[in-house]
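The values are calculated or read from the model by the stated rules, or taken from the named source; none is laboratory data. Just so it is clear, the structure is predicted and the values come from calculations on it, not from any experiment. Note that each Cβ is placed from the backbone with ideal geometry, even for glycine, and that neighbours are counted across all protein chains shown.
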Amino acid sequence: MQLLTSEQRDQMRANGRFNAEHPEQTRDFRPVVKLFCPWGGATWLLTELDPEDPDIAFGLCDLGLGFPELGTVSLAELESITGPGGLRIERDLYFTADKTLSAYADEARRAERIIA
């Protein structure tokens, strides 16, 4: 399974381009995609792709250690991970964001995990 659909990739590119072009007025986007590790507690809520390097995504990253944080992640690295029984990082097919990334981040810091 591809981590991002073409529509998600296009939206994340547009979000990344907007924030790169407006550093004084960046937007707090709603997450476009939720990725998760089916054999552990890692979760990523991603909003943007770096316009200069579309392998780098920005969002809320939680490795399942109780310290979710805003940052970047390499999509190629996520795609290369293989877990027990050949499991891979997956896209949550049913995820629809109902708040902005900063609202998810605030909630995650309080709960010490992403709740989405």
Discussion item. Considering only residues that are farther than 14 Å from VAL33 by Cβ and in a loop (DSSP other than H, G, I, E, B), which ones fall in region 57-97?
Written reply: LEU63, GLY64, LEU65, GLY66, PHE67, PRO68, ILE81, GLY83, LEU87
Worksheet, complete the sentence: Among (1) more than 14 Å from ASN15 (Cβ to Cβ); (2) part of a strand (DSSP E or B); (3) touching a residue at least 24 places away in the same chain (Cβ under 8 Å), LEU45 falls short only on (1)
Discussion item. If I filter region 56-65 for residues that are among the small types (Gly, Ala, Ser) and under 15 Å from LEU3 (Cα atoms), do I get at least one hit?
Written reply: yes
Practice prompt. Of the numbered conditions (1) in contact (Cβ under 8 Å) with a residue 24 or more places away in the chain; (2) under 11 Å from the mean Cα position of the chain (by Cα), SER102 fails exactly one; give the number of that condition.
Written response: (2)
Discussion item. When you scan region 54-69, do you find a residue that is farther than 14 Å from ALA105 by Cα, crowded, with 19+ Cβ neighbours inside 10 Å and within 10 Å of the chain's Cα centre (by Cα), even just one?
Written reply: yes
Discussion item. Under 7 Å between Cβ atoms, which residue pairs at least 6 apart in sequence (or on different chains) link something in region 62-88 that is over 16 Å from LEU46 (Cβ atoms) with a partner that is among the basic types (Lys, Arg)?
Written reply: GLY66/ARG113; THR82/ARG88
Worksheet item: Would it be correct to say that THR43 is within 11 Å of the chain's Cα centre (by Cα), surrounded by 17 or more Cβ atoms within 10 Å (Cβ to Cβ) and under 18 Å from ARG113 (Cβ atoms)?
Response: yes
Worksheet item: Which condition breaks for ARG13 when tested against (1) touching a residue at least 40 places away in the same chain (Cβ under 8 Å); (2) part of a loop (DSSP other than H, G, I, E, B)?
Response: (2)
Fill in: Hey, THR82 closer than 22 Å to ALA20 by Cβ and either in contact with a Lys or Arg (Cβ under 7 Å, 6 or more places away or on another chain) or among the acidic types (Asp, Glu) (or both) or not
no
Worksheet item: Is it true that LEU75 is surrounded by 14 or more Cβ atoms within 10 Å (Cβ to Cβ), modelled with pLDDT of 95 or more and closer than 26 Å to ALA111 by Cα?
Response: yes
Worksheet, complete the sentence: If we ask which residues in region 42-72 are small (Gly, Ala, Ser) and at pLDDT below 95, their number turns out to be 2
